[in-house]
Amino acid sequence: MSHHDDDALRKTNRHPANRLGLNYRDAPPHRLDTPIIDAHVHVHSGPSVAAFFEAATLYGVTRVVSMTPLDEVGALRAAYPGRLDFIAIPRWRSMSSSGEFQAQWIADLAAFRDQGARRMKFWMAPPMRGQYGLTLQDPFFAPIIRAALDLGYDFMIHVGDPTAWFAPGGRYADTHRFGTKREQYQQLEFLLETVAPCNVIAAHMGGNIEDPALLQDLLDRYPNLYLDSSATKWVVREVARQPDELRAFMLRNQDRILFGSDLVVADNCDFDHYASRYWAQQMMWETTYRGESPIEDPDAGDPPRLAGLDLPPEALRRLYHENAARLRC
């Protein structure tokens, strides 16, 4: 077999979360001894939960805030005491715009509150408009928002999606059905105004890390708006495309951004998958690394890139722990 054949075989067999062949169990030391709160994960019961918590522990994550189905909350809390808090979510698999679904969602908000949840999540990505014809301004959501406020919740929302998905040929190219990317933000501003002064975390760097100027305008106008760094693969590729601009953005808004991975704990994932997201974020926030990303990413160039921003200690402390603690995450 030739050298080129060896290379081809390695590429064919490489793990999609470890295209560089790293030993993720040999975790690089963090620059400061700060316990990390991962404010955005999706932990489900199953055999891979142990691998997830192994990776989290190895990379300094002491606590996670999870969007977990209500019927799995009790068992996971008992199995991992002190490691999990929860964000209230509806029963998405039975999602509809019916009164029955709305009533169940409101009942589940109360049940999650009894389980200690302090934040609830609206998933308002373009398919909510495209499949169900709903935006957050629709009357369907008004009783849910009122119930959440009455229960004392703060809020998380997913709006937007990668800008490339709205381009011609992308999954949201039909803007008559899904709306333009900019139109997604009408519902974020609606929520910020409706629930103020309650805080709102806009997930995945507000769904628009490609446009830090738009995010800055929102942060400047809405003091109750916060972002999280979840959707690791998306955040990594966009930071690599404009590292200087995003380093300046992170420093300017260091008290408004929370650490999050968006890891989904599922049976088809393993230790390398979970560890890869924590490795990539550590390298991105703490180091001067400039090179390839270990995570396969069809939305990035070939090869996918990763750029370290070398944030100073105070910014890291706020990102990793202090902002989440202050917001009761």
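Among the residues of the stretch 223-245, which ones are under 17 Å from the mean Cα position of the chain (by Cα) and outside any loop (DSSP other than H, G, I, E, B)?
Within the stretch 223-245, Leu225, Tyr226, Leu227, Asp228, Thr232, Lys233, Trp234, Val235, Val236, Arg237, Glu238, Val239 qualify.
List the pairs whose first member sits in the stretch 88-102 and is farther than 16 Å from Thr135 by Cβ and β-branched (Val, Ile, Thr), whose second member is assigned to a loop (DSSP other than H, G, I, E, B) and modelled with pLDDT of 95 or more, and whose Cβ atoms are under 6 Å apart, counting only residues at least 6 apart or on separate chains?
Short answer, once both residue conditions are applied: Ile89/Met67.
For the condition small (Gly, Ala, Ser), under 30 Å from Ala111 (Cβ atoms) and either under 20 Å from the mean Cα position of the chain (by Cα) or at pLDDT below 95 (or both), what is the one hit in Ala78, Ala8, Ala51?
Values: Ala78 fails: either under 20 Å from the mean Cα position of the chain (by Cα) or at pLDDT below 95 (or both); Ala8 fails: under 30 Å from Ala111 (Cβ atoms).
Sole residue among the options that is small (Gly, Ala, Ser), under 30 Å from Ala111 (Cβ atoms) and either under 20 Å from the mean Cα position of the chain (by Cα) or at pLDDT below 95 (or both): Ala51.
Read through the list (1) assigned to a helix (DSSP H, G or I); (2) among the aromatic types (Phe, Trp, Tyr); (3) under 25 Å from Tyr278 (Cβ atoms); (4) touching a helix residue (DSSP H, G or I) at 6+ places or on another chain (Cβ under 8 Å), then give the number of the only condition that Phe86 fails.
(1)
Looking at Asp38, Asp33, which is the one that is out of contact with any strand residue (DSSP E or B) (no Cβ under 6 Å at 6 or more places or on another chain) and of a type in the set (Asp, Glu)?
Of Asp38, Asp33, the one residue that is out of contact with any strand residue (DSSP E or B) (no Cβ under 6 Å at 6 or more places or on another chain) and of a type in the set (Asp, Glu) is Asp33.
Just for the stretch 85-129: of the residues that are small (Gly, Ala, Ser) and crowded, with 17+ Cβ neighbours inside 10 Å, which one is farthest from Phe178 (Cα to Cα)?
Within the stretch 85-129, the match that is farthest from Phe178 (Cα to Cα) is Ala117.
Counting only residues that are surrounded by fewer than 21 Cβ atoms within 10 Å (Cβ to Cβ) and hydrophobic (A, V, I, L, M, F, W, C), which one in the stretch 54-75 is farthest from the chain's Cα centre (by Cα)?
Top of the filtered list is Ala75.
Residue by residue, here is whether (1) touching a residue at least 40 places away in the same chain (Cβ under 8 Å); (2) of a type outside the set (Asp, Glu) holds:
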| position | (1), (2) |
| --- | --- |
| Asp38 | yes, no |
| Pro47 | yes, yes |
| Leu76 | no, yes |
| Tyr80 | no, yes |
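Cβ-Cβ distance below 6 Å, separation of 6 or more or different chains: which pairs start in the stretch 127-138 with a residue that is hydroxyl-bearing (Ser, Thr, Tyr) and end on one that is crowded, with 16+ Cβ neighbours inside 10 Å?
Thr135/Arg129; Thr135/Gln187
Scan the stretch 264-308 for residues that are out of contact with any Lys or Arg (no Cβ under 7 Å at 6 or more places or on another chain), more than 15 Å from Pro243 (Cα to Cα), not acidic (Asp, Glu) and not in a helix (DSSP H, G or I) and jot them down.
Once the filter is applied, which keeps residues that are out of contact with any Lys or Arg (no Cβ under 7 Å at 6 or more places or on another chain), more than 15 Å from Pro243 (Cα to Cα), not acidic (Asp, Glu) and not in a helix (DSSP H, G or I), the stretch 264-308 yields Val264, Val265, Ala266, Asn268, Cys269, Pro298, Gly301, Pro303.
Among Arg247, Arg237, which is the only one that is basic (Lys, Arg), within 20 Å of Glu322 (Cα to Cα), out of contact with any strand residue (DSSP E or B) (no Cβ under 6 Å at 6 or more places or on another chain) and surrounded by 16 or more Cβ atoms within 10 Å (Cβ to Cβ)?
Arg247
Kindly indicate whether Thr57 is among the hydroxyl-bearing types (Ser, Thr, Tyr), closer than 18 Å to Val265 by Cα and assigned to a helix (DSSP H, G or I).
yes
Please go through the stretch 89-139 and pick out each residue that is among the polar types (S, T, N, Q) and touching a helix residue (DSSP H, G or I) at 6+ places or on another chain (Cβ under 6 Å).
So in the stretch 89-139, the residues among the polar types (S, T, N, Q) come out as 94, 96-98, 102, 104, 115, 131, 135, 137.
Correct list: Ser97, Gln115, Thr135, Gln137.
Could you name every one of the helices (runs of 4 or more DSSP H) located completely within the stretch 97-210 that has at least 1 residues being within 24 Å of Phe86 (Cα to Cα)?
Once the helices (runs of 4 or more DSSP H) in the stretch 97-210 are filtered for at least 1 residues that are within 24 Å of Phe86 (Cα to Cα), what remains is 99-114, 126-132, 142-150, 185-195, 203-206.
The values are calculated or read from the model by the stated rules, or taken from the named source; none is laboratory data. Here the structure is a predicted model, which is why all the values come from computation and not from measurement. Neighbour counts run over all protein chains shown; Cβ positions are idealised from the backbone, glycine included.
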